[in-house]
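Q: Questions regarding the structure given below will be posed in turn.
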Amino acid sequence: MNVRRLAPWLLVAAPLAVFVALFLAPLVNLFALSLFRFDRSVGVVGGLTVENYTKFLGDPFYLGILWRTLRIGVLATLASLLLGYPLAYHMQRCRPRARAYLALLVLAPLLVSVVVRSFGWLVILGPNGLVNSLLVSSGIVRDPLRLLYTEGAIVVGLTHVFLSFMVLSIAAALARIDPALLRAAQNLGATERQTFFRVVLPLSLPGVAAGSLIVFTLSSSAFITPALLGGPRVKVMSYLSYQQTLLLSDWPYGAAIAFVLLGLVAGAVLVYLRVLESGRYGVVFR
Amino acid sequence: MSVATTAAPGPAVGGHEPAAVPRPARRGVTALGVFSALVYAFVLAPIVVVLLSSFTAADYTSFPPRGLSLRWYLEIPRNPEFVESFKVSVVVALVSGALATVLGTLAALALVRFRFRGRDALNTFFLSPLMIPGVILGIALLQFYARAGITKTPFSLVFGHLVITIPYVVRLVSASLAGLDRTLELAAMNLGATPWQTFRRVTLPLAAPGILAGAAFAGITSFDDVSIALFLASPHSVTLPVRIFTYIEQTFDPLVTAVCSVLILIAAALVVVIERSLGLARVFGSDAAGR
């Protein structure tokens, strides 16, 4: 046997074994489990069935949770875009030294655990929190508002957690724009505003697209932030799956919900990419 | 994420290349500057609020804090479960970070240095855990362990974390190997070095920054993980983020504020260390498409 042909397989043998045993096998096993039946008194019952999936897709309660998950994902993506684009643009206009410090400010929160950051929002939005203290002391409201355990709270928390990815993605796209194009636009008499809308914005769209895709997939499948800021009252798909498996022990149904979520995220990504490539600026994405 | 491969790594933020976007002609405060400052305030708000409210003297968490004291910090040692969990987290992060670095580097070497059938498929396979929501991986692993009769030990946590940390190592090390000047290796071999000597004395030192960045990312990812550890933690090996998560699902008294503040201070120290040694943008900038 040729050593040269064997070498890469010797190198990947160990990591590949780990991945097959701890990643592929558990996922296949979970999918198989989603095709089983669950009986409260007996437990998991054999016999392949798509019952769990039809139960989910035929029940308005569960479909409502599916739509809520999508809605929260879309809103968090839009919010991070609205906050992130100006931030990335401003960052690119700064001098390199200042830019490095500002980048540090965007990156540093990534080292703080998501639990801690979501907990920060519990403190800010809680009945004794920053927002309610300001509202009550300024006399705008008499009693603290209930801000926690709402969809809004989840969107705020997710936007905070994933904003960095949006900023990084857009900033990278802005940094790749050839400065000569901007000088050319100005030479040809374009105002700063025209240069932005006709040159900078279209050329930064790949960054916007990549950032949006990252934020959407992460926020629609996030677990910790929705669990803490929404709780059992405002359930999303990931929480529902956690509840069915770990809390209610209905493993087959919980497994089916997990795969519906996976399908939703994968489907959204495919549709999104298809739309982008066929759109007006399709050429910049190819 | 799948997306990060479409978004070429390229020089991201924090580099020293000239700004592509024109610098404003006029100085001073602009609307864009004000807006950005507000967004930075939004980014820092929850972190600052947790830090400040941990110094409260009251029995409940509030912002602004009532009074000023260190009583809740002094309370931490009296709750050994937090201290114990911290130790578990550190051990799990170190062990899984080290294992992931070795395994991920091996995979990266094969993927970058060799052309073989199935290479692209392997590459996708090694990055694919990043596309699977953490909760689903956690549920899948728990069910799999139960079925295989593996009892929950700290090792089951380490194994679970390998799956989410190896992809980052593969990507960061691949990037650094791909950017490596191969004529240096050829020169070493020309001068009579064996392949192993060349690897030990030339390739490894040149790839070291990438490997260290991968190790740092892997360790931090493991330390911060909740969605997998929540399912795999046994009563005797609960990691700190999971402990905090289950604690604040019930109540959030100032004790947990103090614990969170300690974690924030550790993260701040890490920011300084990583920025000084590897550059934060290098570790997190080009590969921030994590979870």
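Q: Just how large is the dipole of chain B about the Cα centre, in debye to the nearest 20, putting +1 at every Lys and Arg Cβ and -1 at every Asp and Glu Cβ?
A: Working: 21 positive and 14 negative charges, 142 e Å.
Around 680 debye, computed over chain B.
Q: Can you return the lysines within cross-link range of A:K55? Criterion is Cα-Cα under 24 Å, with same-chain partners fewer than 8 residues away left out.
A: A:K235
Q: Using a 7 Å offset from the Cα along the Cα-to-Cβ direction at both B:L204 and B:R117, what is the distance between the two label points in nm, to one decimal?
A: 3.4 nm
Q: Label B:V102 and B:V83 with points 7 Å out from Cα along Cα→Cβ: what is the distance between them in nm?
A: 3.2 nm
Q: If you don't mind, another one. Can you give the local net charge around B:R243? Use residues other than it whose beta-carbon is closer than 10 angstrom to its beta-carbon, Lys and Arg +1, Asp and Glu -1.
A: On the way: positive: none; negative: B:E81, B:E84.
Cβ neighbours under 10 Å give a net charge of -2.
Q: Now a separate question. What Rg and what Dmax come out for the protein assembly as shown when only alpha-carbon atoms are used, in angstroms?
A: Cα only, the protein assembly as shown: 24.6, 82 Å (Rg, Dmax).
Q: Quick check for you: which residues of the range B:223-264 have the amide N under 11 Å from the point 7 Å beyond the Cα of B:L94 toward its beta carbon?
A: No residues fall inside that zone.
Q: Now for a separate question. Which of B:V202, B:V271, B:T124 sits farthest toward the positive end of the charge dipole of the range B:78-285, with +1 on the Cβ of Lys and Arg and -1 on the Cβ of Asp and Glu?
A: B:V202
Q: Working out 0.36 nm times the residue gap between A:T49 and A:L145, then minus their Cα-Cα distance, what length gain in nm do you get to one decimal?
A: Contour length minus the Cα-Cα distance gives 29.9 nm.
Q: For the residue pair B:L265 and B:A193, what label-to-label distance in nm results when each label sits 7 Å from Cα along the Cα-to-beta-carbon direction?
A: Result: 4.5 nm between the two label points.
Q: Here's something else I'd like to know. Would you please give the FRET efficiency between B:V34 and B:L74, computed as 1/(1 + (r/R0)^6) with r the Cβ-Cβ distance and R0 = 41 Å, to the nearest 0.05?
A: Values: r = 41 Å, r/R0 = 1.00.
Efficiency computed from Cβ-Cβ geometry: 0.50.
Q: Let me make sure I get this right: for the range A:44-285, a, b and c are the square roots of the gyration tensor eigenvalues over alpha carbons, sorted descending. Under 1.5 in a/c it's rounded, otherwise prolate if a/b > b/c, else oblate. Which is it?
A: Oblate.
Q: What number, in percent, do you get for the relative contact order of chain B if the mean sequence gap of Cα pairs under 8 Å and at least 6 apart is divided by its residue count?
A: Relative contact order here is 30 percent.
Q: Rounded to the nearest 20 debye, what is the charge dipole size of the range A:135-282 about its Cα centre when +1 sits on each Lys and Arg Cβ and -1 on each Asp and Glu Cβ?
A: Dipole magnitude for the range A:135-282 comes out near 280 debye.
Q: While we're looking at this one, here's another question. Kindly list the residues of the range B:77-108 that lie in the label zone of A:A14, defined by a backbone N under 14 Å from the point 7 Å along the Cα-to-C-beta vector.
A: Counting only backbone N, you get B:96-108.
Q: Taking the number of other C-beta atoms within 10 Å as the exposure measure, put B:W196, A:W9 in order starting with the fewest. Write out the running numbers ahead of the final one.
A: On the way: B:W196 8, A:W9 14.
In increasing order of surrounding Cβ atoms, one gets B:W196, A:W9.
Q: Can I ask one more? Determine the shape class of chain B: with a ≥ b ≥ c the square roots of the Cα gyration tensor eigenvalues, call it rounded for a/c under 1.5, and otherwise prolate if a/b is greater than b/c, oblate otherwise.
A: oblate
Q: Given charges of +1 on the Cβ of Lys and Arg and -1 on the Cβ of Asp and Glu, with all other atoms neutral, how large is the dipole of the protein assembly as shown about its Cα centre, in debye to the nearest 20?
A: Computed about the Cα centre, the dipole is about 1380 debye.
Q: Could you point to the residue in A:A88, A:G139, A:L70 farthest towards the positive end of chain A's charge dipole, with +1 and -1 charges on the Cβ of Lys/Arg and Asp/Glu respectively?
A: The Cα lying farthest towards the positive end belongs to A:A88.
Every number in this text was worked out from the coordinates using simple rules, so none of it is lab data. These figures come from a predicted structure and were not determined experimentally. Positions of Cβ are generated from backbone atoms using ideal geometry, with glycine treated the same way; all protein chains shown enter the neighbour counts.
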